[in-house]
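**Q** The structure follows.
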Amino acid sequence: MKIHEYQARRILQNFDVPVPVAEVASSAEEAEQIAKEIGGRVWAVKAQVHAGGRGKAGGVKLARSLGDISALASSLIGSRLVTKQTGAHGAPVSKVLIQEGLNIAQEFYVGLLIDRQAQKPILIASAEGGVEIERVAAESPEKIINTYIDPESGLSREQALEVATKLGVEPAVCPECADVLVKLWNTFNSMDCSLLEINPLIVTAEHKVYPLDVKMTFDDNALMRHPELESLHDPEQEDPTELTAHQAGLQYIQLDGNIACLVNGAGLAMATMDTIKLFGGEPANFLDIGGGASVEKVTAAFEIMLSRPEVKVILVNIFGGIMKCDIIAEGIVQACHKVKLTVPLVVRMKGTHEELGKQILKDSGLPILSAESLGEAAKLAVEKSRE
Ligand code: GDP
Ligand code: MN
């Protein structure tokens, strides 16, 4: 689960991380009022969306007067911001963060995440702050400092100091920088983050260390340990199709191809996507309807798949274990009555109540293409996707 920068800042504050003075606004008037209260002559106005790359996309700008604040806030609020990370539709901006303007002396990249290969948390740091870390990693990997963290003992002060020194933080500021790094680790660890990215972490001309930008993502599987985070969820920032699917209790991920898949079980769904690819096709989604899916769930899944204009064919691949084939068949028939079936439908089902399921499909009179094996089903779907 992702949250906004203004929310992540509050969580950092709970862990004693110093953050720049800032407040979130939902209107131009509010933005101006906040800037007045913050004082000073320069402010940063930052669009709140669940995506990075805002600076380059015009979502982060400096204001030098209250008039600037008001103009920037009203042009951002209510708009959609398209950044490198949002896709062409962009993300809606309903709030802006008004932050005190700071004199940046040094900028760094700092990221905490889990390195799956090493099976450990890792602190990634680079003196090339403020720019795309992916580019630094590709073009000059030697500029990236990787520090593995023992999950039991956490990031030690010695490790943090070493990172600060290697980054080239001014010696006088290294202790404070190390302190911030340890507090960032504490946040990452205690909040079960899957990513905590600070780009840039800055040292100001006054020798203060601040995270100037925060990206905080939580491990969904640990959310039950943090019920307080539920209210931070902003469904507006999510892909609408994925959101509808999750609300219907489906495991759904939007992909780029044109063969929609409806499968039970994540493993079978992966195998189905692999087989589609093997025959030269491209899956339009990952969709796992789960073990005990009801007719309603199947109907919801069909509605979602049929709502996507790019879908050329639907491939249903069911293993009837706990899930019975006749339930799926009922669901397919009901869904096709409710939503007009506008694309070819390939069905392969095996297992519990298989014969009954096949009979239901046959009796429905729907133009369903039946397949016996997964290979046959995938091949057929790929053929249909090219017609
Ligand atoms: P992102 O583009 O989505 O990663 O948004 P950031 O929050 O990182 O903002 C983009 C850039 O704006 C930062 O890398 C900074 O260089 C700049 N920026 C943000 N706040 C200030 C500020 O107070 N003063 C100055 N000089 N630059 C700022
Ligand atoms: Mn940034």
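The values are calculated or read from the model by the stated rules, or taken from the named source; none is laboratory data. What you are looking at is a predicted structure, and each value in this text was computed from that prediction instead of being measured. Note: ideal-geometry Cβ built from the backbone for every residue, glycine included; neighbour counts use all protein chains shown. Keep in mind that these areas ignore ligands, DNA and RNA; they rest on the heavy atoms of the full protein, side chains included. Shrake-Rupley method; radii C 1.70, N 1.55, O 1.52, S 1.80 Å.
**Q** List the GluC sites (Glu not before Pro) within the range 141-221 that fall in a DSSP loop (any state other than H, G, I, E or B) and whose Cβ has at most 13 other Cβ atoms within 10 Å.
**A** Taking the range 141-221 and a limit of 13 other Cβ atoms within 10 Å, the loop GluC sites (Glu not before Pro) found are Glu152, Glu206.
**Q** Once the piece of chain linking Arg10 and Thr204 is laid out straight, how much longer is it, given 0.36 nm per residue of separation minus the C-alpha distance between them?
**A** Length gained between Arg10 and Thr204: 67.8 nm.
**Q** Quick check for you: with a 1.4 Å probe and neighbouring chains kept, what is the accessible area per residue of the range 29-155, in Å²?
**A** Counting only protein heavy atoms, the per-residue value for the range 29-155 is 53 Å².
**Q** Which trypsin sites (Lys or Arg not before Pro) in the range 1-54 pass both tests, a DSSP loop state and at most 14 other beta-carbon atoms within 10 Å?
**A** Those satisfying the criteria are Arg41.
**Q** Select from the range 282-320 those GluC sites (Glu not before Pro) which occupy a DSSP coil region and have at most 14 other Cβ atoms within 10 Å, ordered by residue number.
**A** Taking the range 282-320 and a limit of 14 other Cβ atoms within 10 Å, the loop GluC sites (Glu not before Pro) found are Glu310.
**Q** With just the Cα atoms defining each centre, how far is the range 67-88 from the range 1-63? Give it in Å.
**A** Answer, in whole Å: 13.
**Q** Going 7 Å from the Cα of Asp363 along its beta-carbon direction, which residues of the range 265-294 have the amide nitrogen within less than 17 Å of the resulting point?
**A** Output list for this probe position: empty.
**Q** Just to check I understand the Karplus step: with θ = phi - 60° and J = 6.51 cos²θ - 1.76 cosθ + 1.60, what whole-Hz values come out for the range 83-96, glycine and proline as x?
**A** Along the range 83-96, the couplings run 10, 4, 9, 9, x, 5, 6, x, 10, x, 9, 10, 9, 10 Hz.
**Q** To continue, here is another question. Quick one: how many Å² of Ile198 are accessible to a 1.4 Å probe, rounded to 10?
**A** Only protein atoms counted, so the area is about 0 Å².
**Q** Take the Cβ-Cβ distance between His89 and Asp192 as r, set R0 to 35 Å, and report the resulting FRET efficiency rounded to the nearest 0.05.
**A** Using R0 = 35 Å, I get an efficiency of 0.75.
**Q** Here's a follow-up. Can you list the lysines whose alpha carbon is less than 16 Å from that of Lys297, not counting same-chain residues fewer than 8 positions off?
**A** Once the sequence-local lysines are set aside, what remains near Lys297 is Lys324, Lys338.
**Q** Sticking with this structure for a sec: Per the Debye formula with a single identical scatterer at each Cα and no solvent contribution, what log10 I(q)/I(0) holds for the range 109-193 at q = 0.20, 0.23, 0.24 Å⁻¹?
**A** -0.94, -1.19, -1.26
**Q** Leu155 accessible area, nearest 10 Å², 1.4 Å probe?
**A** Ignoring ligands and nucleic acids, Leu155 comes out at about 10 Å².
**Q** So, R0 is 35 Å and r is the distance between the beta-carbons of His246 and Glu376; what FRET efficiency does that work out to, to 0.05?
**A** Efficiency, from the Cβ-Cβ distance: 0.65.
**Q** Next question. Can you list the HN-Hα couplings for the range 307-312, worked out from phi with the Karplus curve (6.51, -1.76, 1.60; θ = phi - 60°), rounded to whole Hz and with x for Gly and Pro?
**A** Couplings: 7, 8, x, 7, 6, 9 Hz.
**Q** Here is a further query. Checking the a/c ratio against 1.5 first, then a/b against b/c, what shape does the Cα gyration tensor give for the range 239-385?
**A** Here the range 239-385 falls in the rounded category.
**Q** For the chain, which whole-number percentage of the solvent-accessible area (1.4 Å probe, protein heavy atoms only) is attributable to carbon and sulfur atoms?
**A** 51
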